[in-house]
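Worksheet: one structure, shown below.
The values are calculated or read from the model by the stated rules, or taken from the named source; none is laboratory data. Just so we're clear, the structure is a prediction, and the values are computed from it rather than from any experiment. Backbone-built Cβ (ideal geometry, glycine too); neighbour counts: all protein chains shown.
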Amino acid sequence: MRLSDRISALKPTAVNSILAEVNRLRAEGREIFPLMRGEPDLPTPAHVVAAAESALRRGRTGYPDNRGETGFRRAVAEKLRRDNGLEYDPATEILATTGATFGIWSALTAILNPGEVVLVPDPVYDAYLSPIRLAGGTPRLVPSSIEGGRFRLSAQTLESAWSPACRALLLNTPWNPAGTVLTADEIREIAAFVIERDLVLISDEIYEAITYQGCRHVSPVAVEPALRGRTVLVNSLSKTYSMTGWRVGYCAAPADIVSAMFLVLQQSSRGPATFIQDAAAEALAGSQECVAAMATEYTARRTKVIEGLRGIPGCQVIEPEGGFFAMLDCRGLALPSDEIRRRLLHEFGVVVVHGAAYGPSGEGTIRVSFASGGAALDRGLARLREGLLVIGSPAIMAQS
Ligand SMILES: Cc1ncc(COP(=O)(O)O)c(C=O)c1O
């Protein structure tokens, strides 16, 4: 079958490629220790499930308002006011989306012309790249570096990556996979660049509720109100409320951008199901105790990861400030990260993602997920440690 040229620009995400490898090993009966996926193992809070059940019983099963059900859009506007200090008009400035994935895709489709460049900080959540290409754009990675135990993005590197073809910056804070939560000062610097270079900012804030040790997410538009007219804020309920499979999210942006994104949406997903939006409104507007409880659980898991991987020669945990991934700096092992990943998988059954999958700035690191906890995390960490000690021993012996 002759397929469209467009398809050749699309690549499976690193997680999907690795999953195919894992499934082959599973089929051979191998024991697998997964530390890869960004899927919380915590259940969706009971009151949210109850809201969906109740909506279904009330017959809320017809086509949704494609822009988003009024109740959901109001709940989003109220949430943005309460948690982010932002004012958006639910009638014109908010769009309900099928997860953040659709929000990002519709924003890119609404703003990009063929050949325009989207700047993406490296290491980059790799699922950003294909939608940029599908929308006719070209992703350009902006390098970061590990300094003082965290991935940092500097205004100078942004400036060096800029060219007149640049149309947008796709920012993700808290940053998957790097684990960095951008500070207000860092955001101010980035905002100055975005404004100076007349870019659109797509701000993916999906991990906002999962931050550690005094780091707090601040929304770029709240830090620099001058960004408001050029920013698409993207968020979803996937991570904050453990609702990955519900496929519901939202965007907030000036009315003209939302109208353009709404056009894209009408030709494709037509929005999340009506009863799902009712449940999502309950999640946003109801008690937020479940969010605090999840954050406490992730904090305990993070500590487990940091302690479980401490003291491995040649490796250093980059302590995450947010999200549920820890990057392990394995540069001391002097091996390409994909080789470390493959050996961990094939010799020890441990599934992680190699940092190079997220761009050159991720090389030398591996991403360890603690989205799942309990015994699976304990066993995975023990096995990872064992694997790294074996894989790293030649490099360590050569150094001593
Ligand atoms: C940074 C980032 N953005 C977006 C998504 C996708 O979110 P959603 O499930 O809301 O489509 C993910 C999921 O892993 C992510 O890590």
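Here are some notes:
- Qualifying residue in the range 81-95 (condition: within 14 Å of the ligand (Cβ to nearest atom), more than 27 Å from residue 159 (Cα to Cα), touching a residue at least 12 places away in the same chain (Cβ under 8 Å) and not in a helix (DSSP H, G or I)): yes
- Annotation: residue 101 fulfils all but one of (1) within 12 Å of the ligand (Cβ to nearest atom); (2) outside any helix (DSSP H, G or I); (3) among the polar types (S, T, N, Q); the unmet one is (2).
- Checking each residue in the range 130-150 for being among the polar types (S, T, N, Q) and either surrounded by fewer than 21 Cβ atoms within 10 Å (Cβ to Cβ) or in the same structural domain as residue 317 (by TED's automatic domain parsing) (or both) picks out 130, 138, 145.
- Pair list, Cβ < 9 Å and 6+ apart or interchain, from the range 126-138 residues that are over 16 Å from residue 358 (Cα atoms) and of a type in the set (A, V, I, L, M) to residues that are within 10 Å of the ligand (Cβ to nearest atom) and in a helix (DSSP H, G or I): 134/105; 135/105
- Number of residues in the range 345-359 that are under 18 Å from the mean Cα position of the chain (by Cα), touching a residue at least 24 places away in the same chain (Cβ under 8 Å) and surrounded by fewer than 23 Cβ atoms within 10 Å (Cβ to Cβ): the value is 2.
- Identity of the residue in the range 236-251, near the ligand (Cβ under 9 Å from one of its atoms) and touching a strand residue (DSSP E or B) at 6+ places or on another chain (Cβ under 6 Å), that ends up nearest to residue 274 (Cα to Cα): 249
- Criterion applied to 302, 383, 367, 379 was being assigned to a helix (DSSP H, G or I), closer than 26 Å to residue 148 by Cα and in contact (Cβ under 8 Å) with a residue 60 or more places away in the chain, and the one residue passing it is 302.
- Here residue 153 fulfils each of the conditions (1) over 24 Å from residue 73 (Cβ atoms); (2) away from the ligand (no atom under 16 Å from the Cβ); (3) buried (at least 21 other Cβ atoms within 10 Å of the Cβ) apart from (2).
- Restricting 276, 366 to residues that are of a type in the set (A, V, I, L, M), assigned by TED's automatic domain parsing to the domain that holds residue 148 and surrounded by 24 or more Cβ atoms within 10 Å (Cβ to Cβ) narrows the list to 276.
- Restricting attention to the range 251-260 and to residues that are touching a residue at least 24 places away in the same chain (Cβ under 8 Å) and not small (Gly, Ala, Ser), the residue that is surrounded by the most Cβ atoms within 10 Å (Cβ to Cβ) turns out to be 251.
- All told, residue 48 falls short of being within 30 Å of residue 348 (Cα to Cα), within 16 Å of the ligand (Cβ to nearest atom) and modelled with pLDDT of 95 or more.
- Screening residue 227 against (1) among the aliphatic types (A, V, I, L, M); (2) within 16 Å of the ligand (Cβ to nearest atom); (3) farther than 23 Å from residue 302 by Cα leaves a single unmet condition, (2).
- When 309, 335, 389, 381 are checked against the criterion of being in contact with a Phe, Trp or Tyr (Cβ under 9 Å, 6 or more places away or on another chain) and surrounded by fewer than 22 Cβ atoms within 10 Å (Cβ to Cβ), a single residue qualifies: 381.
- Which numbered condition residue 164 fails, given (1) in contact with a strand residue (DSSP E or B) (Cβ under 6 Å, 6 or more places away or on another chain); (2) more than 16 Å from the ligand (Cβ to nearest atom): (1)
- Within the range 75-94, the residues that satisfy the criterion of being farther than 17 Å from residue 277 by Cβ and of a type in the set (Lys, Arg) are 81, 82.
- Restricting the first member to the range 261-279 and to residues that are hydroxyl-bearing (Ser, Thr, Tyr), and the second to residues that are surrounded by 22 or more Cβ atoms within 10 Å (Cβ to Cβ) and in a helix (DSSP H, G or I), the beta-carbon pairs closer than 7 Å and six or more apart or on different chains are 269/102.
- Single residue of the range 108-129 satisfying the filter (among the acidic types (Asp, Glu) and either away from the ligand (no atom under 11 Å from the Cβ) or surrounded by fewer than 21 Cβ atoms within 10 Å (Cβ to Cβ) (or both)) that is farthest from residue 173 (Cα to Cα): 116
- Test for residue 37: is it modelled with pLDDT of 95 or more and under 30 Å from residue 323 (Cα atoms): no
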